[in-house]
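All of the numbers you see were taken from the coordinates with simple rules; none came from a lab. A quick note: this is a predicted structure, and the numbers were derived from the prediction, not measured. FYI the Cβ positions are ideal-geometry reconstructions off the backbone, even for glycines, and counts take in every protein chain you see.
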Amino acid sequence: MNLKTVPLGVIGVALAVAGAIGYSLVPEKLWIATLLEVSALLCLIAFVVVHFSGLKAFSARRSTRIGANSILMIFLFVAILMIVNFLAARHSIRWDLSENQNFSLAPQTHRVLRNLPREVTITVFTREKDPGYQAYKERLDSYRQASSKISVEFVDPERQPKIAQQYGISRTDTAIFESAGQTVRVTAPSEVELTGALIRVSQDSKKRVLFLEGHGEPSLDDRERTGLFAAREILIKQGYDVGTLSLLKETAVPDHTAILVVAGPRRPVITEEQERIHTYVEKGGHLLLLIDPDTQADLNPLLKRWGLGVGPGALVDLQDRLAQGDLTSLLVRTFTEHEITQDLSAAVLFPLARHITFDEQAGSAWDYVPLARTSPNSWAETDLKGRVVNLDEKEDIKGPLPMAAALAPKVAPEEGKPRPAIVVIGNSTFATNAFVNFPGNSDFFLHTTGWLAEERNMMAIIPKDSALRPFTPNPLEERTLLYLQVVLLPAAMLFSGIMVWRKRRRL
């Protein structure tokens, strides 16, 4: 027996396959796979040397050359596919063709991902049959593609109960965000929840928002229509630390308060409290005032220090209002160019609002920007007890009128000192549980708090659910649709039918 009778080629191929299988089964024993692959290479080299003359004669045949060309083309085609797949896996392009762009990240989320200071690990406890699995996978794939600092792992709590027990998981469809020893838990796969968790876990400290209490303001714990529970939850999801403050008990607004919110006080805010609020702003604080019509809070002495004021009566708008609603239910669509309003796309509903005034002489040191206005067909109705139907040129104030305004100093403070800022809105009801989820209301509220807290990354993220958003017409649009659908279209069809009937009759 000589080497020509030994099937060196078959042995070499068999050893190569055995080495690959061995490495996949026991990767820790690399020496076994190496020994098999080296043996395979030696066998194949020996096969080429022993059968060199035969291989030379075989390669000279015409059929061999044609077959080699075919094999080469197949090899090149497979290589091209492998390269394309390799590039696509690392530089994939996605198109979101859904109606509401459900799978596209908001600009605010992209800003958060670009500015991530450190690595964030996300562990999702869910099963493939669970309702949240696909939503988590699709959204977190978008997060992972937008930032290399995001790592995601899916864990089935039934197959890996020890890991679930280690994290204290009591329900599926739960995501755990971890970064630098901080942990945040999320139980819904919405972009608002995920981005809010990303913001909270990637920051060493949270911006603190305090709501003034003690004057009949809506409660943060009240889940009824008039409470502010939903507004508090929205702020918490955006990464804020939310609490309450009584200036009747405290002698000053606590340090490191990002925003002080005075939301719908009903009873008088005494002079000492107003002085403490003024001191807070003068030191670089950020104040949000939500002042309703027909209130006894009397904040005008405080507002006058900055040239601000709230006008009498309630705003009435015959054009920009909620269709089939009260004349004082404003559906505001007119916004001024400002950081707060630049991304607003939906109308904001202000039930029973009042207008804001500004004295340029008293507020000469401040840059005043009205954020939202009524239409020209509006006025401030001063007789709230009567029927609000007609404009009284003598008593009422003709529009358009601003119902929200932002104030910032014209001269920047010294380096290292905070810059004060004030936002006054002539209504607090828009932020209550009954209205804060109205399209546009939550956006306006979060844009305002984001600007005041100087947190550009925490500007509002518009929820992208598959729910249908109804078209909300104003009275003019409502009448136009009525005439178009009930009168014009049936009349056009009737006229067309008569013309066709007359034409056919003449034939």
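Placing dummy labels 7 Å off each Cα toward the beta-carbon, the span from ASN85 to GLU454 is 5.2 nm.
Over all other residues within a Cβ to Cβ distance under 10 Å of GLY284, the charged ones net out to +2, with Lys and Arg as +1 and Asp and Glu as -1.
Computed from the C-beta positions of ASN377 and SER148, the FRET efficiency with R₀ = 56 Å rounds to 0.55. Modelled this way, with points 7 Å down the Cα-to-C-beta line, the labels at GLN485 and LYS304 are 5.2 nm from one another. Suppose R0 equals 45 Å; then what is the FRET efficiency for ASP222 and LYS410 from their Cβ-Cβ distance, rounded to the nearest 0.05? Efficiency, from the Cβ-Cβ distance: 0.70.
Within straight-line reach of LYS29, meaning a Cα separation under 14 Å, sit the following aspartates and glutamates at least 8 residues removed in sequence or on another chain: GLU37. When you restrict to C-alpha pairs under 8 Å that are six or more residues apart and normalise by the size of the range 200-294, the relative contact order lands at 33 percent. Note on the range 107-186: with charges restricted to the Cβ of Lys and Arg (+1) and Asp and Glu (-1), its dipole about the Cα centre is near 240 debye. Computed over the range 250-361, relative contact order equals 25 percent, with contacts defined as Cα pairs under 8 Å that lie 6+ residues apart. The mean of 1/r over all distinct Cα pairs in the range 107-186, once inverted, gives the Kirkwood hydrodynamic radius of 13.2 Å. Place a point 7 Å from the Cα of GLN342 along the Cα-to-Cβ direction; which residues of the range 103-128 have their backbone N under 20 Å from it? Residues 105-116 qualify, since their backbone N sits under 20 Å from the label point.
Cross-link pairs exceeding 31 Å in C-alpha to C-alpha distance, out of LYS304/LYS417; LYS283/LYS394; LYS129/LYS207; LYS149/LYS283; LYS149/LYS237, comprise LYS283/LYS394; LYS129/LYS207; LYS149/LYS283. The ILE21 and ILE163 beta-carbon pair, evaluated with R₀ = 41 Å, returns a calculated FRET efficiency of approximately 0.90. Its relative contact order, with pairs defined as Cα atoms under 8 Å and 6+ residues apart, puts the range 107-186 at 40 percent. Under a crude label model (7 Å from the Cα following the beta-carbon direction), how far is LYS503 from GLU138 in nanometres? Those two pseudo-labels are separated by 4.7 nm.
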